[in-house]
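Report on one structure; see the data block that follows.
The values are calculated or read from the model by the stated rules, or taken from the named source; none is laboratory data. A quick note: this is a predicted structure, and the numbers were derived from the prediction, not measured. Because the Cβ atoms are built from the backbone with ideal geometry, glycine has one as well, and the counts that use them run over all protein chains shown. Accessible surface is based on the protein model in full, side chains and every heavy atom, while ligands, DNA and RNA are left aside. Shrake-Rupley method; radii C 1.70, N 1.55, O 1.52, S 1.80 Å.
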Amino acid sequence: MLNSKQRAKLRSMANSLETILQIGKGGISENTVKQVEDALKARELIKIRVLENSIYSAKEAANEIAQATGCDVVQVVGTRITLYKQNPEEPVIQLD
């Protein structure tokens with residue numbers, strides 16, 4: 001669980017990130033969850049976009065992905081989701 005200082009630091013770091021995944025009308029499949037897990041392991045902090053034709057709202061998608069992958073939802077703004085999960089073997093982001 002992230003505290004407010006950690007969440008603020010991650011939000012500021014996420015400003016410069018590009019969206020790397022999109023969730024569309026196909027929804028959240030096992031393949032999507034696998035892609036999110038792989039991206040989180042490599043980068044720790046990622047942005048996802050929920051397309052308008054998706055059956056999920058951004059908050060619903062964020063909660064479902066977070067539950068499936070065990071990551072933390074940093075923020076949901078409009079159709080963008082920012083997720084964080086520390087890599088246990090090789091941490092990239094140091095949170096105080």
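Structure values in brief
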quantity	calculated
Filtered residue count, the stretch 28-50, keeping only those that are buried (at least 17 other Cβ atoms within 10 Å of the Cβ) and not in a helix (DSSP H, G or I)	8
Tally, over the stretch 4-16, of residues that are under 19 Å from LYS59 (Cα atoms) and assigned to a loop (DSSP other than H, G, I, E, B)	1
Matching entry among ALA62, ALA66 (being assigned to a helix (DSSP H, G or I) and either open to solvent by less than 10 Å² (accessible area, probe 1.4 Å) or in contact with a helix residue (DSSP H, G or I) (Cβ under 6 Å, 6 or more places away or on another chain) (or both))	ALA62
Residue list for the stretch 69-96, filter: over 12 Å from THR19 (Cβ atoms), open to solvent by less than 50 Å² (accessible area, probe 1.4 Å) and at pLDDT 95 or above	THR69, CYS71, ASP72, VAL73, VAL74, GLN75, VAL76, TYR84
Members of the stretch 9-21 that are surrounded by 13 or more Cβ atoms within 10 Å (Cβ to Cβ) and not basic (Lys, Arg)	LEU10, MET13, ALA14, LEU17, THR19, ILE20, LEU21
Hits in the stretch 75-96 (condition: in a strand (DSSP E or B) and closer than 17 Å to ALA42 by Cα)	THR82, LEU83, TYR84
Yes/no for LYS25 being open to solvent by 30 Å² or more (accessible area, probe 1.4 Å), within 13 Å of LYS85 (Cβ to Cβ) and either not in a helix (DSSP H, G or I) or not hydrophobic (A, V, I, L, M, F, W, C) (or both)	no
ASN53 vs. criteria out of contact with any strand residue (DSSP E or B) (no Cβ under 7 Å at 6 or more places or on another chain), open to solvent by less than 80 Å² (accessible area, probe 1.4 Å) and part of a loop (DSSP other than H, G, I, E, B)	no
Filter pass, VAL36 being closer than 15 Å to ARG7 by Cα, within 9 Å of the chain's Cα centre (by Cα) and of a type in the set (A, V, I, L, M)	no
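Every residue, every condition in (1) farther than 22 Å from LEU95 by Cβ; (2) small (Gly, Ala, Ser), yes or no:
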| site | (1), (2) |
| --- | --- |
| MET1 | no, no |
| GLY27 | yes, yes |
| ALA42 | no, yes |
| ILE48 | no, no |
| TYR56 | yes, no |
| GLU60 | yes, no |
| GLY70 | no, yes |
